[in-house]
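Worksheet for the structure shown next.
A short reminder: the numbers here are calculations on the coordinates, not readings from a lab. Quick caveat, the model's predicted, so the values are computed rather than measured. When we count neighbours, we look across all protein chains shown, and the Cβ atoms used for this are built from the backbone with ideal geometry, even at glycine.
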Amino acid sequence: MAQDWKKMEMYKKAHQLVLEIYAVAKKLPDGEQEYGIGAEICQNAMQIPATIVRGSVFEESEFREHLEEARLTLRTVDMHLTIMHRLGFITESERDRLLKLGEEVRQLLIQRIERRKVAKA
């Protein structure tokens with residue numbers, strides 16, 4: 001049974017994370033924007049809400065698998081943010097703000113995954 005992904009809080013937060021990551025990526029040096037870490041983090045960030053949307057058309061167990069995939073992709077985004085900060089591409093404040101937003105997304109994903117596990121039992 002398909003679910004309305006546009007109403008899901010986890011989708012809305014993930015979408016906001018994408019927008020904010022793209023804004024930060026625009027500030028990166030040219031080579032990093034198109035081919036380097038900027039391109040990588042944008043691609044991975046975009047995968048998070050896209051995976052939620054794609055999974056929303058499946059039954060519960062498959063939807064849960066998609067949410068797990070989105071959660072794992074978020075870990076990659078966290079790693080990119082850490083590297084971008086260590087390379088001096090973003091400030092500590094920018095990194096922390098984006099990591100905090102990512103953590104909000106992660107918690108929403110986990111709550112939904114756990115809710116699905118309980119419903120399945």
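With unit charges on the beta carbons (Lys and Arg positive, Asp and Glu negative) and the dipole taken about the Cα centre of the stretch 5-120, which residue among S93, Y11, A45 sits farthest to the positive side?
Y11
Order these peptides, 65-77, 15-27, by their mean beta-carbon neighbour count within 10 angstrom, highest first. Provide the component values of the computation, followed by the final result.
Numbers: 65-77: 18.5, 15-27: 16.3.
Most protected by this proxy first, the peptides run 65-77, 15-27.
I want the local charge near K13. Using Cβ-Cβ distances under 14 Å, sum +1 for each Lys or Arg and -1 for each Asp or Glu among the other residues. Please list the in-between numbers first.
Numbers: positive: K6, K7, K12, R71, R97, K100, R106, R112; negative: E9, E20, E103, E104.
It works out to a net charge of +4.
So what J values fall out for the stretch 56-70 if you push phi through Karplus, 6.51 cos²θ - 1.76 cosθ + 1.60 with θ = phi - 60°, rounded to Hz, Gly and Pro as x?
Calculated HN-Hα couplings, in order: 5, 8, 8, 5, 3, 5, 6, 4, 4, 4, 5, 5, 4, 4, 4 Hz.
Compute the acute angle (0 to 90°) between the alpha-carbon long axis of helix 92-120 and the principal axis of greatest extent of the alpha-carbon atoms of the chain; round to the nearest 10°.
Orientation of helix 92-120: about 10 degrees from the principal axis.
Compute the helix-to-body angle for 9-25: its Cα long axis versus the longest principal axis of the chain, expressed 0 to 90° and rounded to tens.
Once rounded, the angle reads 10 degrees.
Output the 0 to 90 degree angle, nearest 10, between the alpha-carbon long axis of helix 37-55 and the longest principal axis computed from the alpha carbons of the chain.
10 degrees
Treating only the Cβ of Lys, Arg, Asp and Glu as charged (+1, +1, -1, -1), what charge dipole size does the chain show about its Cα centre? Round to the nearest 20 debye. Intermediate results must be reported in sequence, preceding the final value.
Working: 20 positive and 20 negative charges, 87 e Å.
About 420 debye.
With each run of n ≥ 4 DSSP H residues scored as -39500 (n - 2.57), what mean residue ellipticity at 222 nm is computed for the chain after dividing by its residue count and rounding to the nearest 500 deg cm²/dmol?
On the way: 5 runs with 97 residues, N = 121.
Computed ellipticity for the chain at 222 nm equals -27500 deg cm²/dmol.
Would you calculate the volume per residue, in Å³, of the smallest convex hull containing every Cα atom of the chain? Walk me through the intermediate numbers first.
Working: hull volume 10.5 nm³, N = 121.
So the per-residue hull volume is 87 Å³.
Where in the stretch 1-24 does the label zone of R115 land, with the point 7 angstrom along Cα→C-beta and an amide N cut-off under 18 Å?
Only 1-15 pass the distance filter.
Lysine pairs in the chain with Cα distance under 23 Å, only those 8 or more apart or on different chains: how many are there?
Lysine pairs satisfying the spacing and distance rule in the chain number 14.
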